[in-house]
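Okay, structure first, notes after.
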């Protein structure tokens, strides 16, 4: 009997035009077998400075909280950090993206078809993104219009140490803008390739992306990686990163669509126990109860972002 051959690079590369079908098929399967445990929410809009923030109230976090306790217990018992991506849960597997990355469903999703773009081998979440990361991200964004994002460190909302980007389809809501911050993005003013948004009262930088600037996914990834490093330099996070183990000294959120990429350094993980990750800077926030919703309304979503940013 011949020896089984390891998969080739071709078989580990996403076939163009297939990802969305795989996402919908695997979502149906994962829901049916109970692997996907969507968190029900109610939502409303909270407006500030011309941005209609989508604020979701999480009505039931019992299962996610229980899973987190079980994960912490596994880490305590084994003496090492439990990693849900090695091995990953097969019922959540969507597709091979590249020789270095694969795509999973987010087990405890709030938004439908929320995807994780995960490195096959362990890499620290806080390390700098690479050309390979942007290659995987670009292949996915080429399949359907979405918002890709990266929580660079615990203070930026990262809950797992294994490097992973995330992707959600657009639009955010059935009615209205594709992304709540669209008016702010449209108002960006650029000096060269890097711009800022006057209505954002916190440190940030934005770059335009051109989906037609490269002939191959790898060329596009190289160009996107260069934009990423330009953004890091623009907010002061690029100096001496190699001396610190190839990671910036400050946590940050990175958001990207086919048209633009936004980077925001972070100073704290939450405000008044209201957590903020990358989606907060896209105009989508989560609260656990009506009390937190009232805090958010009283203080204002832009002001909350200002407090957790730099």
*Among the residues of the range 169-181, is there at least one that is under 26 Å from residue 98 (Cα atoms), in contact with a strand residue (DSSP E or B) (Cβ under 8 Å, 6 or more places away or on another chain) and touching a residue at least 60 places away in the same chain (Cβ under 8 Å)?*
yes
*Scan the range 255-309 for residues that are under 14 Å from the mean Cα position of the chain (by Cα) and either assigned to a loop (DSSP other than H, G, I, E, B) or free of Cβ contacts under 8 Å to residues at least 24 places away in the same chain (or both) and jot them down.*
257, 276, 277, 283
*Output the number of residues of the range 181-210 satisfying the condition of being in contact with a helix residue (DSSP H, G or I) (Cβ under 7 Å, 6 or more places away or on another chain), surrounded by 16 or more Cβ atoms within 10 Å (Cβ to Cβ), modelled with pLDDT of 95 or more and outside any strand (DSSP E or B).*
4
*Which pairs do you get when a residue that is surrounded by fewer than 18 Cβ atoms within 10 Å (Cβ to Cβ), found in the range 24-41, comes within reach of a residue that is modelled with pLDDT of 95 or more and in a helix (DSSP H, G or I), reach meaning Cβ atoms under 7 angstrom, with the pair 6+ apart or on two chains?*
29/91; 33/91; 35/91; 35/92
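One residue is enough: does the range 270-279 have a residue meeting the conditions over 24 Å from residue 160 (Cβ atoms), surrounded by fewer than 19 Cβ atoms within 10 Å (Cβ to Cβ) and out of contact with any strand residue (DSSP E or B) (no Cβ under 7 Å at 6 or more places or on another chain)?
Checked against the condition, which is being over 24 Å from residue 160 (Cβ atoms), surrounded by fewer than 19 Cβ atoms within 10 Å (Cβ to Cβ) and out of contact with any strand residue (DSSP E or B) (no Cβ under 7 Å at 6 or more places or on another chain), the range 270-279 yields at least one hit.
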*So which residues in the range 159-169 are within 17 Å of residue 280 (Cβ to Cβ) and surrounded by 16 or more Cβ atoms within 10 Å (Cβ to Cβ)?*
165, 166, 167, 168
*Before we move on, is residue 246 touching a residue at least 12 places away in the same chain (Cβ under 8 Å), at positive phi and not in a strand (DSSP E or B)?*
yes
*For residues that are in a loop (DSSP other than H, G, I, E, B) and in contact with a helix residue (DSSP H, G or I) (Cβ under 7 Å, 6 or more places away or on another chain), tally how many sit in the range 211-220.*
2
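The values are calculated or read from the model by the stated rules, or taken from the named source; none is laboratory data. What you see is a predicted model, and the numbers here were worked out from it, not measured in a lab. With ideal geometry, Cβ positions are generated from the backbone for all residues, glycine too; neighbour counts draw on all protein chains shown.
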